[in-house]
Amino acid sequence: MKILHVDNVSIAYDQNEVVTQASFELDKGEIGCLLGPSGCGKTTLLRAIAGFEPITHGSIKLVDTTVSNVGYTMPPEKRNIGMVFQDFALFPHLTIAENIGFGIRHLSKKDKSERIKQLLELINLQDYGSRYPHELSGGQQQRIALARGLAPKPDLLLLDEPFSSMDAELREELAREVRSILKHENITAVLVTHDQNEAFAMADSIGVINQGKLLQWGSGYELYHEPESLFVADFIGSGVFIDGEVMEGNVIKTSLASLEGISPPECKPGCKVKVLVRPDDIVHDDCSPRKAKIVSRVFRGANNLFTLEMEDGTQLLSLVHSHHNHEVGEELGIIMEFEHLVVFPDKPQ
Ligand code: ADP
Ligand code: MG
């Protein structure tokens, strides 16, 4: 069952359009994510879904009801939507239990305390109900904010950069934890973030936004391995683009090698193209006759990320197990293992 339909939605502040014809849908229990750089329009689109911004084109449907279209905005309190923000916005003078129960004040005392107990267990803070927010860590406060958002059993939960005040390590851990809580409750959710690792850790499907345009909607795997635009290829993961020329017979000539792969249909033989080379396409092998000079090295625990330079000056990235301890300045044996070439026309998009 579809819970959310965002259909060709545009949003403008005064005459200035900041979201342009965005479309996506979420099934019951699916976690979607809007991912993009700061200022690209993520919060604006989330606020429109919540009912805080009118839309100038398209429609938004929640379960079976059209909640926004041009000229109509159902008010936020009439939409069965929960929200969790970056700054938690917990009430400092209320206990944890009172904070969680804030949105279910209309329930009987018994139902309310049962739901609060259930949620405290779900977020693994059973013994904290009578404490106050300032007595808890940031991560614990964010779980309370999540429980408060879940308490009224909303059709849809919206989370706007909910982990951005946490340090990077805690962020991913919390994202995984929140994912398992949402999955347990079978809640449909939209997460907004600029952090792709957070998106990967939490979401089933991700939409990449740039300058108000939703460029591609898909799984993390699809965005990484099958990016449909230069922006998505560049924004997701790391990698470099090398110049190539389309030859006959699905061959692309580059300074590294002639590579086999399908070019976009508009790229005929003779066309200049850009080929995406991911760090995992360049595999270290001491026995390989092909050598590249190590220009820099970043230690990443299990791996080192090397920046390599070929004889002609082409730079590549390579991810190598960190027990291969090669130094900057050394020559590194490499082989190229392209499973699937990602090729774009060489023109501004
Ligand atoms: P994001 O959440 O992706 O960082 P926003 O949705 O907050 O981006 O902002 C998108 C664009 O809309 C930005 O250029 C921002 O300056 C502008 N904007 C956001 N809120 C308002 C507002 N209330 N009035 C006018 N412009 C706004
Ligand atoms: Mg924002």
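The values are calculated or read from the model by the stated rules, or taken from the named source; none is laboratory data. For clarity, every value in this text was computed on a predicted model and none was experimentally measured. In this analysis, Cβ positions are derived from the backbone assuming ideal geometry, glycine residues included, and neighbour counts consider all displayed protein chains. Ligands, DNA and RNA are stripped out before the accessible areas are found, and what is left, the full protein with its side chains, is counted by its heavy atoms. Shrake-Rupley method; radii C 1.70, N 1.55, O 1.52, S 1.80 Å.
Of all the numbered requirements in (1) open to solvent by less than 10 Å² (accessible area, probe 1.4 Å); (2) under 22 Å from residue 22 (Cα atoms), residue 228 misses one, and that requirement is (1).
From the residues in region 15-31 that are modelled with pLDDT of 95 or more and within 15 Å of ligand 1 (Cβ to nearest atom), which one is nearest to residue 184 (Cα to Cα)? So, considering only residues that are modelled with pLDDT of 95 or more and within 15 Å of ligand 1 (Cβ to nearest atom), the one nearest to residue 184 (Cα to Cα) is 22. Criterion applied to 116, 60 was being of a type in the set (A, V, I, L, M) and not in a helix (DSSP H, G or I), and the one residue passing it is 60. Strands (runs of 3 or more DSSP E) fully within region 260-349 that include at least 2 residues being assigned by the TED database to the domain that holds residue 242 and open to solvent by 70 Å² or more (accessible area, probe 1.4 Å): 291-300, 315-321.
Total residues in region 183-202 satisfying the condition of being more than 16 Å from ligand 1 (Cβ to nearest atom) and under 19 Å from residue 49 (Cα atoms): the figure is 3. Tally up the residues in region 33-55 that are open to solvent by 70 Å² or more (accessible area, probe 1.4 Å) and more than 8 Å from ligand 1 (Cβ to nearest atom), please. Adding up the residues that qualify gives 2. Taking region 1-32 only, how many residues are in contact with a helix residue (DSSP H, G or I) (Cβ under 7 Å, 6 or more places away or on another chain) and open to solvent by 10 Å² or more (accessible area, probe 1.4 Å)? Summing the residues that are in contact with a helix residue (DSSP H, G or I) (Cβ under 7 Å, 6 or more places away or on another chain) and open to solvent by 10 Å² or more (accessible area, probe 1.4 Å) in region 1-32 gives 1.
Contact map, region 119-139: first residue open to solvent by 90 Å² or more (accessible area, probe 1.4 Å), second residue not in a helix (DSSP H, G or I), Cβ cut-off under 6 Å, separation 6 or more or different chains; pairs are 130/95.
Residues in region 218-259 that are more than 27 Å from residue 39 (Cβ to Cβ) and assigned to a loop (DSSP other than H, G, I, E, B): 248, 249, 250, 255, 256, 257.
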